[in-house]
Amino acid sequence: MRIGITCYPTYGGSGVVATELGIELAALGHQVHFISYSQPFRLNGREEGIFYHEVPVSSYPLFEFPPYDLALASRMAEVAEFNELDLLHVHYAIPHSVSALLARQMLATRGRRLPFVTTLHGTDITLVGLDRCYLPITHYAIQESDGVTSISNYLKEKTIESFEVTRDIEVVTNFVNCDVYAPFSDEELRAEARRKFAAPHEAILMHLSNFRPVKRVVDVVEIFARVVSKMPAQLVLVGDGPDRSAAEWLAHDLGIQSKVHFVGKQDRVNELLPLADLMLMPSELESFGLAALEAMACKVPSIATRVGGVPELIEDGFTGLLYKVGDVDGMAQGALSLLSDKARLETMRDEVRRNAQKRFCASLVVPQYVRYYEKVLASSGK
Ligand code: GMT
């Protein structure tokens with residue numbers, strides 16, 4: 001198949017899923033065309049079968065808000081026509097599904113069919129999509145998509161309930177390439193690599209996100225402060241975003257700044273995750289929790305919140321520990337209890353890796369997308 005993919009190309013879970021999907025599809029022999037305002041950050045531009053088409057957005061003094069969604073629709077139609085795309089797959093409903101709808105209509109007037117699949121990721125439904133200024137158009141574009149997938153059952157139900165969507169939604173979960181996201185094969189190498197952040201007797205806690213308020217990064221620092229007051233430990237925060245400075249201030253105020261490492265945005269998080277003993281994901285909401293899945297594949301269990309789709313990924317007590325949002329005392333207690341019980345931690349470490357491989361491996365999930373594309377193409381008469 002020749003597939004066009006549109007996503008937010010910078011840091012964020014939906015862009016990561018879209019990019020990893022493109023890479024996996026190309027590896028299966030499909031031709032993949034990314035269409036967005038900049039090259040997705042996990043692409044290096046040399047992957048076989050993958051092409052990137054930039055969307056230029058010109059500004060003009062009259063345009064206080066340059067219309068990216070229109071430029072995107074034009075580019076989608078052009079790329080689809082020049083490269084004979086079979087379908088478009090857009091990640092994150094706003095505004096990508098609306099642009100795809102326009103591109104489909106433009107091409108229809110030229111006698112070409114261009115079905116599109118919209119994948120719902122989370123805040124496009126739970127936050128942004130419920131904003132009155134976006135709700136009617138998001139609802140319309142979801143209804144009019146040729147196919148709609150969501151990354152968890154939670155998000156599917158939420159979409160049906162909040163948007164009163166009446167069409168079918170297929171659940172295709174987030175996935176991880178278990179060969180790329182993997183634990184160290186050698187404990188000595190792991191111990192050596194951990195020295196970058198911690199002495200041998202210290203635990204490493206990690207957090208990975210875009211530091212938006214929904215991630216509650218300040219809670220991460222609060223949890224760590226409670227842990228480090230009881231045992232030697234270091235905290236590594238991967239990513240960047242609006243709440244970074246609040247977290248930095250808190251680390252300073254609590255006097256633990258020398259043990260808190262803000263490493264910023266990283267391209268190869270698969271090299272950092274296996275260093276951790278535990279992942280902290282105290283989010284206000286997660287439709288799935290891709291960061292926790294990536295950690296699981298690297299043999300790292302999460303201390304997380306029981307929100308959204310997280311319980312579909314993490315079984316409390318078995319593949320991680322789940323708490324109420326804001327329960328920093330509980331999460332710190334949970335982390336301490338696991339870190340001080342080596343046998344229990346080891347069992348859980350093995351279990352999370354097994355679970356990632358058994359349920360969420362790219363080789364299992366990506367074919368679900370391919371089958372879904374085939375179904376959409378068949379029902380749209382292509
Ligand atoms: O919250 C983020 O990290 C970004 C956001 C996005 O759309 O880019 O992530 C959402 O999509 C991820 C990939 O499908 C999910 O794993 C995240 O749970 C989801 N985030 C939220 O629901 C807050």
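Within the stretch 296-308, how many residues turn out to be assigned to a loop (DSSP other than H, G, I, E, B) and either at pLDDT below 95 or more than 7 Å from the ligand (Cβ to nearest atom) (or both)?
Going through the stretch 296-308, the residues assigned to a loop (DSSP other than H, G, I, E, B) turn out to be 298-301, 306-308.
Subset that is either at pLDDT below 95 or more than 7 Å from the ligand (Cβ to nearest atom) (or both): 298-301, 306-307.
The number of residues fulfilling the criteria is 6.
Being farther than 27 Å from LYS215 by Cβ and surrounded by 17 or more Cβ atoms within 10 Å (Cβ to Cβ) is the filter here; which residues of the stretch 319-365 pass it?
Selection gives nothing.
How about the stretch 100-128: which of its residues are within 16 Å of the ligand (Cβ to nearest atom) and under 26 Å from VAL365 (Cα atoms)? Full working, then the answer.
So the first thing to find is which residues in the stretch 100-128 are within 16 Å of the ligand (Cβ to nearest atom), and the list is 117-128.
Within the stretch 100-128, VAL117, THR118, THR119, LEU120, HIS121, GLY122, THR123, ASP124, ILE125, THR126 meet the criteria.
So if I check each of SER145, SER162, SER97, which one is hydroxyl-bearing (Ser, Thr, Tyr), away from the ligand (no atom under 15 Å from the Cβ) and in contact with a helix residue (DSSP H, G or I) (Cβ under 7 Å, 6 or more places away or on another chain)? Show your work before the answer.
Numbers: SER162 fails: away from the ligand (no atom under 15 Å from the Cβ); SER97 fails: away from the ligand (no atom under 15 Å from the Cβ).
Just a single option satisfies the conditions, and that option is SER145.
Quickly run through the stretch 115-134 and pick out the residues that are in a loop (DSSP other than H, G, I, E, B) and touching a residue at least 40 places away in the same chain (Cβ under 8 Å).
PRO115, HIS121, GLY122, LEU127, TYR134
Just give me the residues in the stretch 258-295 being under 12 Å from LEU237 (Cβ atoms) and either more than 16 Å from the ligand (Cβ to nearest atom) or surrounded by fewer than 20 Cβ atoms within 10 Å (Cβ to Cβ) (or both), in sequence order.
LYS259, VAL260, HIS261, PHE262, VAL263, GLY264, LYS265, GLN266, LEU272, ALA276
Cβ-Cβ below 7 Å, separation at least six or inter-chain, first residue in the stretch 361-382 and touching a residue at least 40 places away in the same chain (Cβ under 8 Å), second among the basic types (Lys, Arg) and in a loop (DSSP other than H, G, I, E, B): which pairs?
The qualifying pairs are SER380/ARG113; GLY381/ARG113; LYS382/ARG113.
Could you please give the count of residues in the stretch 309-337 that are assigned to a helix (DSSP H, G or I) and within 16 Å of the ligand (Cβ to nearest atom)?
So the count comes out to 4.
Identify the residue in the stretch 219-249 that is among the aliphatic types (A, V, I, L, M) and surrounded by fewer than 18 Cβ atoms within 10 Å (Cβ to Cβ) and, among all such residues, is nearest to GLY13 (Cα to Cα). Please lay out each step first, then the result.
First pass over the stretch 219-249, keeping only residues among the aliphatic types (A, V, I, L, M): 220-221, 223, 225, 227-228, 231, 233, 235-238, 246-247.
Then keep just the ones that are surrounded by fewer than 18 Cβ atoms within 10 Å (Cβ to Cβ); that gives 231, 246.
Values: MET231: 32, ALA246: 22 Å.
Top of the filtered list is ALA246.
In the stretch 356-366, is there at least one residue being in a strand (DSSP E or B) and not aromatic (Phe, Trp, Tyr)?
From the stretch 356-366, those in a strand (DSSP E or B) are 361; that's our starting set.
Imposing the further condition that a residue be not aromatic (Phe, Trp, Tyr) reduces the set to 361.
Scanning the stretch 356-366, I find at least one residue that is in a strand (DSSP E or B) and not aromatic (Phe, Trp, Tyr), so the answer is yes.
Does LYS215 satisfy being away from the ligand (no atom under 13 Å from the Cβ), crowded, with 18+ Cβ neighbours inside 10 Å and among the basic types (Lys, Arg)?
Against the criterion (away from the ligand (no atom under 13 Å from the Cβ), crowded, with 18+ Cβ neighbours inside 10 Å and among the basic types (Lys, Arg)), LYS215 does not qualify.
The values are calculated or read from the model by the stated rules, or taken from the named source; none is laboratory data. Note that the structure is a prediction, hence the values are computed from the model and not measured. Every residue, glycine among them, receives a Cβ derived from its backbone with ideal geometry; neighbour counts consider all protein chains shown.
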